[in-house]
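To start, the structure under review is shown below, and the notes come after it.
Just so it is clear, none of the values below were taken in a lab; they were calculated from the coordinates. It should be emphasised that the depicted structure is a prediction, and the values quoted were computed from it without experimental measurement. Cβ atoms come from the backbone with ideal geometry, glycine included; neighbour counts cover every protein chain shown.
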């Protein structure tokens, strides 16, 4: 089926053909034949790179240009939302009937807002959590949604991400009965069941534009699922490194999935020495520039230095412990073909699109604290394998598991390569997960009786699979908890949210976190300090996984706890009565200690070394602390606890910037972070006024400032600069630019 024959706008056809696509892939053609462009609900389940996004684009543009509708595109991750936003931007020059151009917006943060500005946009790309937050705020523009695109819908099976996606889809179908649903998925076993829940047809196919060969490597030989075999050269003792090297020598790239962050870094180091030998001189020069960008992005730490050193040698690692800036540089450089071998943890398989000619799955087992080692699911393996083969570059993609023995090779072939993915099951019926969703159902006026609440949850995938009776007892238990904690009140059959309950729902925090904050703020410790608030937010379930203490740290943390117990807003468990609670508390205190070190301007590198954490975990903890301190401030206002308001506000700003109190005024300047802020302050520029009247030459002479930033700072503070100084500055800039280009 040719693009020119499709019932879509000529302008959309033009954009598509200009991008090099002139006819549909088979799965896309099947989707069109199933009526997706006529407004029918559809689950499109097909492998990575089979063209699912293009169908989503056509549907979105059809709704906007022909029906004056609005599209919401749901993704599980911020990184994926950013990727889709970039893809949709190519349509923003197209004019609608009202002569306005197509507008694409993105919103992934700030959970305490209805984002009224999004009303101006035709396509809104967002994460599942942000969409849930918008529904809790009853954003008026959401009533105009005519198309919902749910990406990676197989993640309904994910214990953490799945329930939110499930509730969002159920809520959107409840509020917009005529909405069209387009669910995109990897190939899954029970696609018919998901389609029936969504009142949709389905298209499922194994077709992909590049042939995928799956196999098992034992020693030097790969046995493939089609019966073929292939021998690789043995250069090292590591079969996965030998396979990666073989791929690079043949002009391809390799993606190695490791089971842990530590092993991802270890493998990257081992493979680097082999890869750098085969790199051309121009490629090495190009990689030098990438390494420089990594060192310039954020604070210089041991991790960024290790990453930059590996990049120079044509390899890199990618995991959740990396900062966002570094991750983006690595992803872009891999897509551009500069990085030849990328080692990654499995989370990458569920995130951004980074295909490689060869995907190597180093270990089919995962380690989870408290559970030990367990084999991954077939679905997870297939997700990783699906990354094999780069469209437009490769004719064949290879996904290879590594075996150590003949028995293991047989096991991997039978249980992964030749196996079908598991069924997708709803993970909604867990009290911890459902608490916020039950409260939101009442607080956002989606239901006002117990029966109404059951009716809503009767629309979920869980109820479709198990019947609503299976979760009635959980809902009843949650309602009792919400009533006892004064988040809801009951009048006969009617249930209403109190101001407290409504605010908790809007703040997008677990009701248990809200109760901890409320009760903690009632306490009067001997000393109310920043640590009091940091320890409190670390104690909430919304902080997420706390920083587990290592054995050698326990005594240090215990001494710290004893010294500061008079500041804590949460009681310390007895070590001998409840050892598990005590260990959890140690982790919470360690998390508070890390945050305290951050606001006291300990460098990232020092924090990483002292607390054995990683940048990604540090940033996640900082983000969660900011959100919880904002919630603390809002709940303190609600309960009239005015004395803590200035402190919560100031502490939130300090957490965001990572600075002591005295730096807050100057780190608000764009381009001035915690390190440059301290340099300015120590040089005597302690206020905006000081900077305003400082000679620009003095600013330029400071470390890490330079002409370009000095000029930018002066523009922000409105400082007067003599004409001859500007001219001199411009000459300096021109010289620097010329040297860089040379």
(request) Report, please, the projected area of the range 211-417 averaged over directions, based on the convex hull of its C-alpha atoms, in nm². (result) 11.4 nm²
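Would you mind getting me the FRET efficiency between residue 19 and residue 220? Use the beta-carbon distance for r and R0 = 41 Å, nearest 0.05.
Working: r = 41 Å, r/R0 = 1.01.
Result of the calculation: an efficiency of 0.50.
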(request) Report P(r) for the chain: all Cα-Cα distances, bin width 20 Å, range 0 to the bin holding the largest distance, values in whole percent. (result) 15, 44, 37, 5
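Can you tell me how much longer the chain between residue 571 and residue 293 gets when fully stretched, taken as 0.36 nm per residue apart minus their C-alpha distance, in nm with one decimal? Let's see the in-between values first.
Numbers: separation 278, 0.36 × 278 = 100.08 nm, distance 4.60 nm.
Going from the current span to full extension adds 95.5 nm.
Would you mind putting 95-103, 657-665, 503-511 in packing order, based on average other-beta-carbon counts within 10 Å, highest first? Spell out each step's value before the answer.
Numbers: 95-103: 12.0, 657-665: 17.9, 503-511: 23.0.
The densest-packed peptide leads the list: 503-511, 657-665, 95-103.
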(request) Grab the Cα-Cα distance for residue 408 and residue 683, subtract it from 0.36 nm times how many residues apart they are, and report the gain in nm with one decimal. (result) 92.6 nm
(message) Between the range 1-76 and the range 205-222, what is the separation of their alpha carbon centroids in Å?
(response) 29 Å
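Does the range 539-656 classify as rounded, prolate or oblate by the C-alpha gyration tensor (a ≥ b ≥ c root eigenvalues; a/c under 1.5 gives rounded; else a/b over b/c gives prolate, otherwise oblate)? Don't skip to the end; give the middle numbers.
Values: a/c = 1.90, a/b = 1.24, b/c = 1.53.
Note, shape of the range 539-656 comes out oblate.
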(request) Report, in deg cm²/dmol and to the nearest 500, the calculated mean residue ellipticity at 222 nm for the chain, where each DSSP H run with n ≥ 4 adds -39500 (n - 2.57) and the sum is divided by the residue count. (result) -14500 deg cm²/dmol
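With r defined as the distance between the Cβ atoms of residue 581 and residue 483 and R0 fixed at 25 Å, what FRET efficiency is calculated, to the nearest 0.05? Walk me through the numbers on the way to the answer.
Working: r = 26 Å, r/R0 = 1.04.
After rounding to 0.05, the efficiency reads 0.45.
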(request) Please give, to one decimal in nm, the separation of the simple spin-label points placed at residue 89 and residue 368, each 7 Å out from Cα toward the Cβ. (result) 3.8 nm
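Based on the mean of other Cβ atoms within 10 Å per residue, sort peptides 178-187, 484-493, 705-714 so the most packed one is first. Don't skip to the answer; put the middle values down first.
On the way: 178-187: 21.2, 484-493: 14.0, 705-714: 19.1.
Top of the packing list down: 178-187, 705-714, 484-493.
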(request) Take the Cβ-Cβ distance between residue 600 and residue 29 as r, set R0 to 51 Å, and report the resulting FRET efficiency rounded to the nearest 0.05. (result) 0.25
(message) Suppose the chain between residue 690 and residue 562 were pulled fully straight at 0.36 nm per residue; how much longer would it get relative to their current alpha carbon spacing?
(response) 41.8 nm
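Report the convex hull volume per residue for the range 403-496, counting only C-alpha atoms, in Å³. Numbers along the way, then the final one.
Details: hull volume 12.8 nm³, N = 94.
So the per-residue Cα hull volume is 136 Å³.
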(request) Describe numerically, in nm with one decimal, the distance between label points set 7 Å from Cα along Cα→Cβ at residue 347 and at residue 281. (result) 4.1 nm
